[in-house]
Every structure is written in structure tokens, then in C-alpha cells.
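**Student:** The structure follows.
The values are calculated or read from the model by the stated rules, or taken from the named source; none is laboratory data. Owing to the predicted nature of the structure, the values given are computational and were not obtained by experimental measurement. Cβ coordinates were reconstructed from backbone atoms using ideal geometry, including for glycine residues, and neighbour counts include every protein chain displayed. Areas reflect the complete protein model, heavy atoms only, side chains present, ligands, DNA and RNA absent. Shrake-Rupley method; radii C 1.70, N 1.55, O 1.52, S 1.80 Å.
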Amino acid sequence: MNKTISLLVGIFSVLNTIQFLIFDLNHITSIGYEEKIDIFMDTKSEVISWIMIQKKSISIVLSTMTILFSVFLLYCIRTNNYVGLLCYAVWIITYELINFSMVILINGIIKEQFKELSYLNLIFQISHMLLHFLSLPFISKHIYFLYKDPKTLSKIGRRRHSSICTVDSWSPVGMGTLYRKLN
């Protein structure tokens, strides 16, 4: 059951990350067709200015890394490797904290007449975080089961010996002996 839910979490993470990457890349910074009105105030902070300039690049790199970690999660679930699941959990926490920090910094420089957009952006980020964080207990439970007893979840631990293996382990007998044993 945990393995199935963990697989669903990995697939969901890939699709969710792609969806929010599309939202991030289409994030507007100005409104208007002929007269462009900038949504953001001018800032003196070098950090916020750098984030605003590099926002698309940062989003692409973070999303690409998340997709790679999600694919790695799927691989590690398939091979029953708990270290990969742990790496995924740590990365998701890091990824969401970086994204949340960027949203908080960017929301601080939105002009007053566009504050509703900052609320919408914050709601999107919080929903994104909740979707990722609500799946972490299932991943943690699967990590615990793999760490505690890796053979119970692997195919090797569940494999049963066939009757052919039992026949092969019998000592060799001649036809006469076999005939007497059967009668």
C-alpha cells in the first residue's frame, strides 16, 4: 500500500511541478497593452532586484531539479532504495522553502493597487506547498518500512521455492530404489 501511494506521489510531483513551472514562466510583471503599468515598485534591495531579474531562471532550475528528484524517487521506489526516498523528502522541503521565500520577498514590492495579485500568488504558493507536504508522511512511512526490513518489500524476500528445487535436492536414486520407495 505504501509503495503504491509513494508511486502516486512521484508521478503527482512531476505533473504538479510542470504545472507550477508554467504558472511561474507566465507570471506577469506589467499590465496594459499600449501603456504598460509596472506591477512592482522600484526597490533599493540588491537581493530582491536580483531575484526579480533571475526569477525565470531560478524557477526553471528549481523545477528541473524537482522533476529529476521525482524521477529518482520513482526509480528508488522500484528498486526499494530508502536513501533515494530520503533525498526526495529533503529536496521537497528545500524546494518549497526557497519558493516560499521568493514569493514573500516579491509580494513585498507589489504596488498597493495590485495587492490582490499578491494574495493570489500567495494562495498558489501555499496550495503548492500543501500538496507536496501532505504527501511527505506517506514517503516517510515507506522510508521507515524499507529501512526497518528491506527484505519484506523486495521480490527476493517474498520468493518461494518451487517444487523443482526440492526435487533437485533429493539424492540420486536408481530406478529400482525409486520403484520400491513408491510402492
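**Student:** Between Val71 and Ser127, what is the FRET efficiency for a Förster distance of 35 Å, r being their Cβ-Cβ separation, to the nearest 0.05? Before the final figure, lay out the partial values.
**Tutor:** On the way: r = 23 Å, r/R0 = 0.66.
Plugging the Cβ-Cβ distance into 1/(1 + (r/R0)^6) gives 0.90.
**Student:** In nanometres, what is the gap between the two model label sites at Glu116 and Ile60, each 7 Å from Cα along Cα-to-Cβ?
**Tutor:** Taking the two extended label points, one gets 3.3 nm.
**Student:** Please report, as a whole percent, how much of the solvent-accessible surface of the stretch 1-157 comes from carbon and sulfur atoms (probe radius 1.4 Å).
**Tutor:** Carbon and sulfur: 70 percent of the exposed surface of the stretch 1-157.
**Student:** Right, here's the next one. Regarding the stretch 1-152, what are the three Cα extents along the principal axes, ordered largest first, in Å?
**Tutor:** Principal-axis extents of the Cα atoms in the stretch 1-152, largest first: 65, 26, 20 Å.
**Student:** While we're looking at this one, here's another question. Restricting to Cα pairs below 8 Å that are 6+ residues apart, what does the relative contact order work out to for the stretch 1-142? Please round to a whole percent.
**Tutor:** The value is 34 percent.
**Student:** Given a Förster distance of 45 Å, report the FRET efficiency between Ser140 and Glu34 from their Cβ-Cβ distance, rounded to the nearest 0.05.
**Tutor:** So the FRET efficiency works out to roughly 0.25.
**Student:** Also, I was wondering about something else. Please list 133-144, 67-78, 51-62 highest first by mean number of surrounding beta-carbon atoms within 10 Å per residue. It would help to have the intermediate numbers written out before the result.
**Tutor:** Details: 133-144: 16.2, 67-78: 18.6, 51-62: 14.2.
Result, highest mean Cβ count within 10 Å first: 67-78, 133-144, 51-62.
**Student:** Does the stretch 60-133 classify as rounded, prolate or oblate by the C-alpha gyration tensor (a ≥ b ≥ c root eigenvalues; a/c under 1.5 gives rounded; else a/b over b/c gives prolate, otherwise oblate)?
**Tutor:** Values: a/c = 3.58, a/b = 3.14, b/c = 1.14.
Prolate shape, in that a/c is at least 1.5 and a/b is the bigger ratio.
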